[in-house]
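Visitor: Take this structure first; my questions come after.
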Amino acid sequence: RRGLVPRVSSLPWIPTDAQWRAVLEVAAGESVRNRLMLAFAYDAALRREELCLLATDDLDPAHRSITVRAETTKTRRGRVVPYSAVAGQLLAAYLAYRRTVTTSREALFVSESPRNRAAGGSPWTWSKVVRSIALRAGVAAFSTHTLRHLCLTDLARSGWELHQIAAFAGHRKTDTTQRYIHLSGRD
């Protein structure tokens, strides 16, 4: 049954090409950890919690893939997703740096703060990092979830089928995936 008042939901926002370039320019000055997190979040369309809960054992550098464990996902559906060659280079640099901080094989992304050095990074800290990048780039609407929307939209633009994008994102239904894809009439 329908309610008396219609439910209005606004479409999620994705940046223009110029705004995306501005974010990437600011991100270029970030630490290797933050650049890698940004690359993984975009390449694999990872949610904030999925990214922050990655463990070192979730990576397969030989196949350039990430195993997103079911217990870390919103839908409790695990998946294996690829990452780019550029992210692979960032990963190699980050792992070399990470060994100077900790030898633990648990959390992939560890804190760089002297207060809780080598502890696993939190989703809240990642949100603050992305917010800082967004404000310095002059793109205040940019958030951690924007990377997921942008990745899935780019996959649709490159010709992926809707069911393939849904499987990549870990969605149960293609209706959910359609909310993530922002195509213009030209696309």
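Visitor: Which one of these does Ala92 not meet: (1) more than 22 Å from Leu24 (Cβ to Cβ); (2) free of Cβ contacts under 8 Å to residues at least 40 places away in the same chain?
Guide: (1)
Visitor: Answer yes or no as to whether Ala41 is small (Gly, Ala, Ser) and in a helix (DSSP H, G or I).
Guide: yes
Visitor: Also: Pull up segment 35-62, narrow it to residues that are open to solvent by 60 Å² or more (accessible area, probe 1.4 Å) and touching a residue at least 12 places away in the same chain (Cβ under 8 Å), then point me to the one that is nearest to Arg21 (Cα to Cα).
Guide: That would be Arg35.
Visitor: Still on this structure, I have one more. Step by step: first the residues of segment 119-173, then only those that are more than 20 Å from Glu50 (Cα to Cα) and touching a Pro at 6+ places or on another chain (Cβ under 8 Å), then the one that is least open to solvent (accessible area, probe 1.4 Å). Which residue is that?
Guide: My answer is Val139.
Visitor: State which residue pairs qualify: first residue on the phi < 0 side of the Ramachandran plot and inside segment 168-181, second residue part of a loop (DSSP other than H, G, I, E, B) and of a type in the set (Ser, Thr, Tyr) in any location, beta carbons under 6 Å apart, and separation of 6 or more residues or different chains.
Guide: From segment 168-181, the pairs are Arg172/Thr75.
Visitor: Only one of Ser184, Ser111 is farther than 22 Å from Thr56 by Cα and at pLDDT below 90. Can you tell me which?
Guide: On the way: Ser111 fails: farther than 22 Å from Thr56 by Cα.
Within the list Ser184, Ser111, the selection yields Ser184.
Visitor: Let me ask something else about it. Go through segment 84-130 and give me each residue that's polar (S, T, N, Q) and either in a loop (DSSP other than H, G, I, E, B) or farther than 16 Å from Tyr42 by Cα (or both). Steps first, please.
Guide: Taking segment 84-130 as the starting set, the residues that turn out to be polar (S, T, N, Q) are 84, 89, 100, 102-104, 111, 113, 116, 122, 125, 127.
Listed by number, the residues that qualify are Ser84, Thr100, Thr102, Thr103, Ser104, Ser111, Ser113, Asn116, Ser122, Thr125.
Visitor: Taking the condition of being surrounded by 13 or more Cβ atoms within 10 Å (Cβ to Cβ) and not small (Gly, Ala, Ser), how many residues in segment 90-114 meet it?
Guide: 12
Visitor: Test Arg148 against the criterion of being at pLDDT below 95, of a type in the set (Lys, Arg) and assigned to a loop (DSSP other than H, G, I, E, B), and give yes or no. Give the steps one after another, and end with the answer.
Guide: Numbers: at pLDDT below 95: yes; of a type in the set (Lys, Arg): yes; assigned to a loop (DSSP other than H, G, I, E, B): no.
When the stated conditions are applied, Arg148 does not pass them.
Visitor: Also, quick follow-up: Return the residues of segment 67-87 that are in contact with a Lys or Arg (Cβ under 9 Å, 6 or more places away or on another chain) and either open to solvent by less than 20 Å² (accessible area, probe 1.4 Å) or modelled with pLDDT under 95 (or both); say none if nothing qualifies. Give the derivation first.
Guide: Of the residues in segment 67-87, the ones in contact with a Lys or Arg (Cβ under 9 Å, 6 or more places away or on another chain) are 67-68, 70, 72-75, 77-78, 82-85, 87.
Once the filter is applied, which keeps residues that are in contact with a Lys or Arg (Cβ under 9 Å, 6 or more places away or on another chain) and either open to solvent by less than 20 Å² (accessible area, probe 1.4 Å) or modelled with pLDDT under 95 (or both), segment 67-87 yields Val68, Ala70, Thr72, Thr73, Lys74, Thr75, Arg77, Gly78, Tyr83, Ala87.
Visitor: Separate question: May I ask you to list the residues in segment 1-55 that are of a type in the set (Val, Ile, Thr), modelled with pLDDT of 95 or more and either under 20 Å from Gln178 (Cα atoms) or over 16 Å from the mean Cα position of the chain (by Cα) (or both)?
Guide: Matches in segment 1-55: Val26 only.
Visitor: I need the full set of residues from segment 151-167 which are part of a helix (DSSP H, G or I) and either in contact (Cβ under 8 Å) with a residue 40 or more places away in the chain or of a type outside the set (Gly, Ala, Ser) (or both), in order please.
Guide: Within segment 151-167, Cys151, Leu152, Thr153, Asp154, Leu155, Arg157, Leu162, His163, Gln164, Ile165, Ala167 qualify.
The values are calculated or read from the model by the stated rules, or taken from the named source; none is laboratory data. This one's a predicted model, so the numbers in the text were calculated from it and none came from an experiment. Using ideal geometry, Cβ is built from the backbone for each residue, glycine included, and neighbour counts are taken over all protein chains shown. Side chains included, ligands, DNA and RNA excluded: accessible areas come from the protein's heavy atoms. Shrake-Rupley method; radii C 1.70, N 1.55, O 1.52, S 1.80 Å.
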